[in-house]
1. Is it true that residue 170 is closer than 30 Å to residue 46 by Cα and in a loop (DSSP other than H, G, I, E, B)?
2. For segment 28-58: of the residues being among the aliphatic types (A, V, I, L, M) and farther than 19 Å from residue 168 by Cβ, which is nearest to the chain's Cα centre (by Cα)?
3. Within segment 74-95, track down each residue that is under 27 Å from residue 142 (Cβ atoms), loosely packed, with under 11 Cβ neighbours inside 10 Å and either of a type outside the set (S, T, N, Q) or under 24 Å from the mean Cα position of the chain (by Cα) (or both).
4. State yes or no: is residue 192 part of a loop (DSSP other than H, G, I, E, B) and in contact (Cβ under 8 Å) with a residue 40 or more places away in the chain?
5. Hey, which of the helices (runs of 4 or more DSSP H) in segment 60-162, taking only ones fully inside, have at least 1 residues that are aromatic (Phe, Trp, Tyr) and closer than 17 Å to residue 185 by Cα?
6. Which of the residues belonging to segment 125-149 are in contact with a Ser or Thr (Cβ under 8 Å, 6 or more places away or on another chain) and of a type outside the set (Val, Ile, Thr)?
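The values are calculated or read from the model by the stated rules, or taken from the named source; none is laboratory data. All values reported here derive from a predicted model rather than from experimental measurement. Cβ placement follows ideal geometry from the backbone for every residue including glycine, while neighbour counts extend to all protein chains displayed.
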Amino acid sequence: MKNRTLIYSVVLLLGIFLFSCKEEGKYHSISDKIEGESKPYHGILTSEELLADTELIEITEGEHTFLIPERKGQIKSFACIECHSKPVSQMMGKDAPKAHWNIKLNHANSDAMNCATCHNGEEMNQLNTLTGKNIDFNLSYKLCAQCHSSQFEDWKGGAHGKKVAGWAPPRASNTCVNCHNPHSPSFEKRWPVQFNTKTAIERNEGLGH
């Protein structure tokens, strides 16, 4: 019985060997064919061309040095001192020009956060930490890191957030405010992208059930 099993095994292995050689030509497996016909890439993998039109600054956080988008040039109302020529406390009143009324703070409990938690009322071109230290608008992620420390550690290591262009070097990562509205950082609920399934009308009808 053992001899018969051994013979069957040998015949089976021989058949597999002959079949693979016949199907793959000179290769005995798919992996052999991939290895044999693959052509090594001798070019340079880089995202520099994709980043050419983006204003970037270099930062170093711990052992990580990488690029992030310049922020102040993207803020329409910057520099703030063009309007905030004196402290906010002196500008308040019924006759004061009203601006930023479209902004609603939906970030943390009102007992824990207000505008002055992040904005420096004495120097409006700067943000400020919980301990009162100035932070440049380009480095606003440092404010977020005070409370969202685990996300910050993941971000600076490259695990959290999106890249500005591709994954090829140089590394250029979006910051918190490139994805999240700092005044209302939670994303709105939305349907996941679906292919060849229910239409938008059918999904909307399903909301009532």
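1. For residue 170, the condition - closer than 30 Å to residue 46 by Cα and in a loop (DSSP other than H, G, I, E, B) - is met.
2. Step by step, filter segment 28-58, then rank; the result is 57.
3. Of everything in segment 74-95, those that are under 27 Å from residue 142 (Cβ atoms), loosely packed, with under 11 Cβ neighbours inside 10 Å and either of a type outside the set (S, T, N, Q) or under 24 Å from the mean Cα position of the chain (by Cα) (or both) turn out to be 76, 82, 86.
4. So residue 192 does not fit the description; no.
5. So the answer is 141-147, 149-157.
6. Correct list: 127, 130, 140, 141, 142, 143, 146.
Rundown of residues vs (1) in contact with an Asp or Glu (Cβ under 7 Å, 6 or more places away or on another chain); (2) surrounded by fewer than 10 Cβ atoms within 10 Å (Cβ to Cβ); (3) of a type outside the set (Gly, Ala, Ser); (4) at pLDDT 65 or above, yes/no style:
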{"residue": "18", "(1), (2), (3), (4)": "no, no, yes, no"}
{"residue": "21", "(1), (2), (3), (4)": "no, no, yes, no"}
{"residue": "27", "(1), (2), (3), (4)": "no, no, yes, yes"}
{"residue": "42", "(1), (2), (3), (4)": "no, yes, yes, yes"}
{"residue": "45", "(1), (2), (3), (4)": "no, yes, yes, yes"}
{"residue": "48", "(1), (2), (3), (4)": "no, no, yes, yes"}
